[in-house]
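The values are calculated or read from the model by the stated rules, or taken from the named source; none is laboratory data. These numbers come from a predicted model, not from an experiment. Ideal geometry is used to build each Cβ from the backbone, glycine not excepted, and the neighbour counts take in all protein chains shown. With ligands, DNA and RNA removed, areas are computed over all heavy atoms of the protein, side chains included. Shrake-Rupley method; radii C 1.70, N 1.55, O 1.52, S 1.80 Å.
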Amino acid sequence: VGVGDERAGRGGPNAITRVSDTLVDQCGAAMRDRVFLAADLIRHVAEPPTAMVDENEVAALHASLHAVLGEAAARRVAREAGRRTGDYIIANRIPSLVRLLLACLPAAPAARLLVKAITRHAWTFAGSGSFAVEDGPPLTFVISGGPLSKGVATHEPACDYFAATFERLFQRLVSARAVVVETACVASGDTACRFAIRW
């Protein structure tokens, strides 16, 4: 599924607001401000975004995480922010009847329905990039040209925010045993970011 309409190039505000909250909790407000200053996004501290943002802001913030905190700490913050984003999506973006339906279904059909929903909303996280699904096994999400790996060079896959968001959604809506691992990443030299999902 390519992301190619007027919404392309935008990203959800959770990629900024959940990172901000997590930075305060894990590193303190001063470090949060330092990271946001380095990304030239300090205005989002005083007035957190509530609508879609330019994907370049998402890219700048996640690159700043790595530049300021270092790879290991940046990944910890991004992963927790992703978990919080997953919880937010479940609580605020998925109707209660749909949550109930998914809870009643076996894992395989629940996963199919969740994948369809994620694909429909791929523009909210892939930005101007593209999103594809490979049935597997394992089921794999592929993001090419996404914002999280822009301007980042790491030894290991760096899109922990996406991996944790996907994992939270699958754990809560498909199977508590779900695990999502980013197996390839543009930031570490691959041609696309790949997320393997198992449960």
If the requirement is being open to solvent by 60 Å² or more (accessible area, probe 1.4 Å), at pLDDT 95 or above and out of contact with any strand residue (DSSP E or B) (no Cβ under 9 Å at 6 or more places or on another chain), which of these qualifies: ALA67, ALA81? ALA67
Which pairs do you get when a residue that is on the phi > 0 side of the Ramachandran plot, found in the range 105-134, comes within reach of a residue that is basic (Lys, Arg), reach meaning Cβ atoms under 8 angstrom, with the pair 6+ apart or on two chains? GLY127/ARG10
I'd like the full set of residues that are over 19 Å from TYR88 (Cα atoms) and touching a Gly at 6+ places or on another chain (Cβ under 8 Å), limited to the range 154-179. none
Can you tell me which of (1) among the hydroxyl-bearing types (Ser, Thr, Tyr); (2) in a loop (DSSP other than H, G, I, E, B); (3) open to solvent by less than 40 Å² (accessible area, probe 1.4 Å) is the one THR191 doesn't meet? (3)
Output the qualifying pairs, or none if there are none: Cβ atoms under 7 angstrom, residues six or more apart or on different chains, first residue in the range 46-73 and touching a residue at least 12 places away in the same chain (Cβ under 8 Å), second residue open to solvent by 40 Å² or more (accessible area, probe 1.4 Å) and part of a helix (DSSP H, G or I). SER64/ALA38; ALA67/ALA38; VAL68/ARG34; VAL68/ALA38
So ALA153 clears everything in (1) surrounded by fewer than 17 Cβ atoms within 10 Å (Cβ to Cβ); (2) within 17 Å of the chain's Cα centre (by Cα); (3) within 27 Å of ALA73 (Cα to Cα) except one condition, right? Which one? (2)
From the set of residues in the range 50-64 that are under 13 Å from SER20 (Cβ atoms), part of a helix (DSSP H, G or I) and touching a strand residue (DSSP E or B) at 6+ places or on another chain (Cβ under 8 Å), which is least open to solvent (accessible area, probe 1.4 Å)? VAL58
Scan of the range 91-112 for residues that are at pLDDT below 95 and either buried (at least 16 other Cβ atoms within 10 Å of the Cβ) or not in a helix (DSSP H, G or I) (or both), ordered by number: ARG93, ILE94, PRO95, LEU102
Go through the range 7-26 and give me each residue that's open to solvent by 60 Å² or more (accessible area, probe 1.4 Å) and over 14 Å from the mean Cα position of the chain (by Cα). ARG7, ASP21, ASP25, GLN26
Can you tell me which residue is surrounded by the most Cβ atoms within 10 Å (Cβ to Cβ) among those in the range 156-188 that are of a type in the set (D, E, K, R) and free of Cβ contacts under 8 Å to residues at least 40 places away in the same chain? GLU182
